[in-house]
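Please treat every number below as a calculation from the coordinates, not as lab data. A quick note: this is a predicted structure, and the numbers were derived from the prediction, not measured. Here the Cβ is made from the backbone with ideal geometry for all residues, glycine too, and neighbour counts use every protein chain on show.
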Amino acid sequence: METVSKELKIPALSLVTLIGVSGSGKSTFARKHFKETEIVSSDRCRAIVSDDENNQTATDDAFELLHYIAAKRLKNGLLTVVDATNVQPESRASLVRLARAYHCIPVAIVLDVPERICEARNDLRPDRNFGGHVIYQQRSQLRRSLRHLKDEGFRHIYVLKSVEEIEAISNIARERLYNDRQEVHGPFDIIGDVHGCFDELIELLTKLGYVVTRVAVQHRNYGFHVVAPVGRTAVFLGDLVDRGPNSPDVLRLVMSMVHAGTAFCVPGNHDLKLQKYLSGKNVQVKHGLEKTVEQLAREDDRFRSDVRDFLYDLVSHYVFDGGRLVVAHAGLKEDMQGRGSGAVRTFCLYGETTGEIDEFGLPVRYNWASEYRGKAMVVYGHTPVPDAQWLNRTIDIDTGCVFGGRLTALRYPEEELISVQAGQVYETPARPIDFELRQQMLTHQQADDDLLDIEDVTGKRIIATRLRNNVTVKEENSIAALEVMSRFAINPKWLIYLPPTMSPSETCALEDYLEHPVEALDYFRRQGVERVVCEEKHMGSRAVLIIGKNEEAIRSRFGIEQESIGVCYTRTGRNFFSDASLEQEFLQRVSTALTTAGFWEALDTDWVCLDAELMPWSVKAQALLKDQYAAVGAAATASLSSVVDVLTQTAVRDIEGIDRLLLKFQQKQQMIDDYKTSYRQYCWPVNAVADLSLAPFHILATEGAVHTDKSHEWHMNTIQSICDADPGLFLATAHKIVNVFDEEQVNDVIAWWANLTGQGGEGMVVKPYDFLSFGKHGLVQPAVKCRGKEYLRIIYGPEYTEVENLRRLKNRSVSSKRSLAMREFALGIEALERFVRKDPLRKVHECVFGVLALESEEIDPRL
Amino acid sequence: MLFTITTTHSPATDLCYLLHKHPAKLQAVELSQGVAHIFYPHADDDKCTVALLLDIDPVGLVRKSGEGGPDAFTLGHYVNDRPYVSSSFMSVAIAKAFSTAMNGKCEKRPELVDIVMPFDITLSVLPAAKGGELLIRRLFEPLGYSVAVERYALDEHFPEWGPSKYFTVNLKANLKLKDLLTHVYVLIPVLDNEKHYWVSQHEVEKLLTKGEGWLKDHPAREQIIRRYLRNIGGLAKNALVRLTEDEPVGPVAPEEDHAQDIARETLHDKRLKVVLDELVASGSNTVVDLGCGEGKLLKMLLRERQFSVILGVDVSHRILERAAERLRLDEMPPKQKERITLAQGALTYRDKRLAGFDAAAIVEVIEHLDVNRLKAFERVVFEFAKPKTVVLTTPNREYNELFETLDAGTMRHSDHRFEWDRNEFETWASNVAVRNKYRVTFKPVGDVHERVGAPTQMAIFKADQYE
């Protein structure tokens, strides 16, 4: 008998269940038509758990493993083939359940081969020594199963009745799901729930640039001709009908556009109910359906049946633009996108509900969007809201037109909202629409951001950054950061940035120095960076300031109510000040200076994030100073003075070696004096704002901008103008722009550094001229510090300059510090960029938390 | 850093024989991190002074001890007072430089060993943070010394910073040299409450040997033992038992100036008992202890068969490790271990793991949160975790006036962000209950004072739908 070659068609994401007795050729069939990784075989699983693929006692473990593997694959959206006999209904039932759990389509392919062939095949295999009765039993089970497969839930069933038929299968074609329209890239105009508001729809379409003309009814144009703006397509989010004044015309227009290819449409729950009604099913004619029924009564049968068919054919949701956009009437969770199951369809129509009923008699909706973490933007309607607002890349654009609100469209990819006002209130909603608005002044995203989830910060984390690709945060470090963040840090809504650590220059080759400008400049020269900015390094404490033009600016942009017009926090996210009134006065004064300087207008913003040094050191480091620095000075001074006395006394006795010892301890005494002089310069009492001194050095971000695209010269000059507005509080940072290849300029800046540090200055920071600078080996260190010889006493200990000590201390490496600085820098800038583009707080917090976690890496703190 | 011994015994130079050190030479002994120099500033028949001078290598010191220490990665570690004080290093140096004298041996002039001589000694400088001058006197005066101390300012440029913890100590007494040396040897590290570069079982032996003949009868005996062994309870008790032989021994008592700590401890135990009673009475089977600390309440919960699932949550991973040790989680039989889990979590982050419990205990936790974070805490616990019963305690500020050692206006713990009076707490708790559909009742914990109430206040929340 000649058999014509044949192609089988299955959905691209399906769970293919092969059914056939032992020896029916399932494995051969699977290998012929599927990728090796797509096949999960029970024999193979038996072998994995027991080293023997025929070990029947391992069956339970083997199937547990099989299900586990299949589940992981389906979760990841991968077609999976189960190669097992599957002749018993219960084994198939568990596979159907699995497919449904992952919203994949169950497919059955039956290989129904005569027993004698199977037996003959088994006889050829020495490891398969079970008797013929086994095959017989399996075959009869299979036979009994055949006609129940559809009821069991298989959506595609292929029964191949002979070896010839099996061999004739030339190909298994994978068909994508109807909802998969990734190849359509838009741009789109996505339109919310219309509910029979025909006039408003025409107005909206016109506003969007569509030209709608009434024409003679011809074929399926339903009397409309619509010209879309070039390249654009409309998308209707469903609930075309009910409640409003003219559902039939809305249907006609949408059906016309869909047939003409100028629109897509997904079904809403109201549309579905109408379709059921039109199909003669028993549905309750209420919630606005009664109006539609009445309006349709005036139409002819032909139109009604067209409507019924049109609604029946609507696909629950669409995935567009390479997976970047998902549209569905009531939204869609990430794990359901692009999948097909009853559950997916129900979700698309009704969203997620908790099963409870609220005080207005409506089902309590579960806010799936607040947990949404998917990459695709989800645009939906269904629940009327007073304002279309973003929440975790999802947006509900049903602004309640039929209830007297507006009809809204979202332009994609522009993310622009266009609405028209309803002509009148067509119906009163059961739940007042401005309900939530009355309770909440914050946006949905800000309200949602009130609470971060622990899963977004703990464990090993890999954070994608623009500057440095992925930054990994180890679990032990996030463990440490969680404690610090939750016990000491300020409200996370303020924390849009944490500063990176900074590496010192490489260890100096000169005998008397640990650090020197030569090495700092040399680093940039090696990286091929020609121009650098050398800034005086102030010795205070690092401070990040968020300052608003007024409290309203802070409320609307940061979602923080009634706290302050700004905040000043430390490099670990703690409040800088412990004295609240001093803090408020300080913040107010900074804000006023920015206003005086015309900063808000110049940068077109009403808030700013500044990176600064706040002096004196003693204001923040009081405890460290008293417990550590001053204590060491006090102990050493008292002891050394006794020692020198006793040695001087002894010296008269002319004992060999005492003079040398006296000299040594006198030198120690000198070093301690120098050390005390050093730390004392950074201390003075603070009783009022007038005692503080603020030296900003970066204007990190303002509304809509992270200023990493500017040069440090721009930052310095812009800051100069702020300093001029309040020279009593602000301290401008002395700086020099240096060409590292120009010997004269280099010598000049070395002399400048020597002079600064000679007068007790901490030193200087060398930055590439451009904030972000890419050299021969990629991103260049954003800054390298070069600290003064005397200042380093308080870092390396009073006696570090002693020759032998310095020799040993010079054995240090800056490479881990540099790597850390770079990772923290990338995370810090990423946090700002995410905040500026209005990402959810958790996306910002993840980066800031990452910086804090990286800070717990064990690195020599003296660097 | 400097220890001098002067005697006016006649002839004073007998000291040189006793110490077995030549008066006209500069000598040295090696220490692990540096050297100790020995020399005589004065040596004639009327007066003889010996000096022991520590010359500690500051770089080597932090290098060696820096490996793996808990503070190895903090900056303060590298600016260290150890080279300039008389600390455990001095004791080590004494033992090395004057070992024969301390052991009561003198080969050339054995008769000198038991002679009582007048001594005048100076120690520069002793760190004595907690007890200060009082402690110095309490340690040395019972041994017959007349004590003079000089305390130094932290920094004379900043008088507002106040005094430092450093003292130059001068002691005068008539006694045997070997006794003097052992006294100083033992008491230096007792004064210095900071880092000792030792503590092991071996130290118990040393303490007992050096303390022979005087420690047993010293009125500050227990304090000396405990501080010498750096508050390691096990070691301290071990030493005390062996020291007192057949006298009955209670637990090593905490320091006298910590009477308030004892009061706090008993209040805490009382509080936990009350909380436990509430949890038992609620009929709960599954319970989460939010802010479980070292697991005192967890231990009590484990003893109740009623609780089949117990979760202890704390923000500090270190504390959880300690809780695991205290509960002996590793050695627990599997059936018991099944009932309990420890997890790190912060009460300002929403956390799935906290959902679905019958009851939650939140004992002395909220006052460690900034007031503006309470909203997040409320949502985490009452909106998302939603236990049927919540038992929550916090200090009652009104009661603070009855704590004698607490200055007016200060809080009970340096990490407390606020302490509420009864009205403030009840207002907050009632609002939380209304907002989240709970009913709340209040109970005092501890002795109730008629005007200021009890030291601790407790709120018991019951979710409405389970009433």
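Computed over chain B, the P(r) tail beyond 40 angstrom holds 39 percent of alpha carbon pairs. Fully extending the segment from A:K810 to A:H225, taken as 0.36 nm per residue of separation minus the present Cα-Cα distance, adds 202.4 nm.
Shielding value for B:50-62 is 4, the average number of Cβ atoms from other chains within 10 Å of each residue's Cβ.
Given a Förster radius of 56 Å and the C-beta distance between A:E476 and A:S170 as r, what FRET efficiency does 1/(1 + (r/R0)^6) yield to the nearest 0.05? With a Förster radius of 56 Å, E is 0.50.
Dividing the Cα radius of gyration of the protein assembly as shown by its Kirkwood radius returns 1.06 for Rg/Rh. Ordering A:V652, A:V646 by the number of other Cβ atoms within 10 Å of each residue's own Cβ, fewest first, gives A:V652, A:V646.
The slack in the chain from A:T346 to A:K161, taken as 0.36 nm per residue of separation less the alpha-carbon distance, amounts to 62.9 nm. Helix B:233-244 axis versus longest C-alpha principal axis of chain B: approximately 50°, rounded to the nearest ten.
By the count of neighbouring beta-carbon atoms within 10 Å, fewest first, A:E743, B:E367 end up ordered A:E743, B:E367. Looking at the protein assembly as shown, the DSSP beta bridges with both ends there are about 65 percent antiparallel. Per residue of A:655-668, count partner chain C-beta atoms within 10 Å of its C-beta, then hand back the mean as an integer. Per-residue shielding by partner chains comes out at 3.
What the Cα convex hull of segment B:391-467 gives, in volume per residue, is 99 Å³.
Annotation for A:R525 and B:E30: the two label points, set 7 Å from Cα along the Cα-Cβ direction, are 4.5 nm apart. The C-alpha atoms of chain B define a longest principal axis, and helix B:177-191 lies at about 20 degrees to it. The longest stretch of chain A left intact once loop-based chymotrypsin sites (Phe, Trp or Tyr not before Pro) with at most 16 other Cβ atoms within 10 Å are removed from consideration, loops following DSSP, is A:367-740. Straight Cα distances below 26 angstrom link B:K216 to the lysines B:K96, B:K105, B:K130, B:K172, B:K176, B:K178, B:K195, B:K206, B:K237, with same-chain residues fewer than 8 positions distant left out. For segment A:162-179, the Karplus equation 6.51 cos²θ - 1.76 cosθ + 1.60, evaluated at θ = phi - 60°, returns couplings of 7, 4, 4, 4, 5, 6, 6, 5, 8, 7, 10, 8, 9, 9, 6, 6, 4, 6 Hz by residue, with Gly and Pro reported as x.
Normalised by the number of residues in chain A, what is the relative contact order in percent for Cα pairs under 8 Å and 6+ residues apart? It rounds to 10 percent for chain A.
When the GluC sites (Glu not before Pro) in segment A:1-74 are filtered for DSSP coil states and for at most 15 other beta-carbon atoms within 10 Å of their beta-carbon, the remaining sites are A:E2. Restricting the calculation to Cα atoms, segment A:180-439 yields a radius of gyration followed by a Dmax of 17.1, 51 Å. Give me the Debye-computed log₁₀ of I(q)/I(0) at q = 0.13, 0.15, 0.26 Å⁻¹ for segment A:769-820, equal point scatterers on Cα only, no solvent, two decimals. Values returned for q = 0.13, 0.15, 0.26 Å⁻¹ are -0.48, -0.60, -1.05.
The relative contact order of segment A:6-175, computed from alpha carbon pairs under 8 Å that lie at least 6 residues apart in sequence, is 38 percent. Estimated from helices alone, the mean residue ellipticity of chain A at 222 nm is -12000 deg cm²/dmol (sum of -39500 (n - 2.57) over DSSP H runs with n ≥ 4, per residue). The string of couplings for segment A:813-824 from the Karplus curve (6.51, -1.76, 1.60, θ = phi - 60°) is 10, 9, 5, 5, 4, 5, 5, 5, 4, 5, 5, 5 Hz, one whole number per residue in order, with x for Gly and Pro. Could you pull out every residue, at least 5 positions away or on a different chain, whose amide H is within less than 5 Å of the one on B:A28? Hs are placed 1.01 Å off N in the peptide plane, and Pro or chain starts have none. The answer is B:I38.
Which far-off residues, 5 or more places away or on another chain, put their amide H under 5 Å from the one on A:G331, with H placed in the peptide plane? Under 5 Å from the amide H of A:G331: A:G381.
Based on Cα contacts under 8 Å between residues 6+ apart, segment B:2-197 shows a relative contact order of 24 percent. Here segment A:617-680 is treated as an ellipsoid with the same Cα gyration tensor; its semi-axes, largest first and in whole Å, are 32, 10, 6. In this simple spin-label approximation, A:E656 and B:N174 carry label points 7 Å from Cα along the Cα→Cβ vector, and these lie 4.0 nm apart. Once every Cα of segment A:6-175 carries one equal point scatterer and solvent is ignored, give the base-10 log of I(q)/I(0) from the Debye formula at q = 0.09, 0.10 Å⁻¹, two decimals. Results for segment A:6-175 at q = 0.09, 0.10 Å⁻¹ read -0.27, -0.34. Amide H contacts of A:L391 (H built 1.01 Å from N, in plane; Pro and chain starts excluded): no residue 5 or more places away or on another chain comes under 5 Å. Taking the fewest neighbouring Cβ atoms within 10 Å as the starting point, the ordered list for A:R466, B:R339 is A:R466, B:R339.
Taken along the Cα-to-beta-carbon direction at a fixed 7 Å, the label points for A:A734 and A:R466 span 3.6 nm. Each residue of segment A:91-106 was assigned a 3J(HN,Hα) from its phi angle through the Karplus expression (A = 6.51, B = -1.76, C = 1.60, θ = phi - 60°), giving 5, 6, 4, 5, 6, 5, 4, 4, 4, 5, 4, 9, 6, 10, 8, x Hz with x at Gly and Pro.
Compute the whole-percent fraction of alpha carbon pairs in segment B:260-466 spaced more than 23 Å apart. Of all Cα-Cα pairs in segment B:260-466, 43 percent lie more than 23 Å apart. Distance cut-off 18 Å, Cα to Cα: go down the list B:K296/B:K443; A:K493/A:K620; B:K375/B:K437; B:K47/B:K108 and report the pairs above it. Check vs 18 Å cut-off fails for B:K296/B:K443; A:K493/A:K620; B:K47/B:K108.
For trypsin sites (Lys or Arg not before Pro), the sites in segment A:199-278 that DSSP calls loop and that have at most 13 other Cβ atoms within 10 Å are A:R220.
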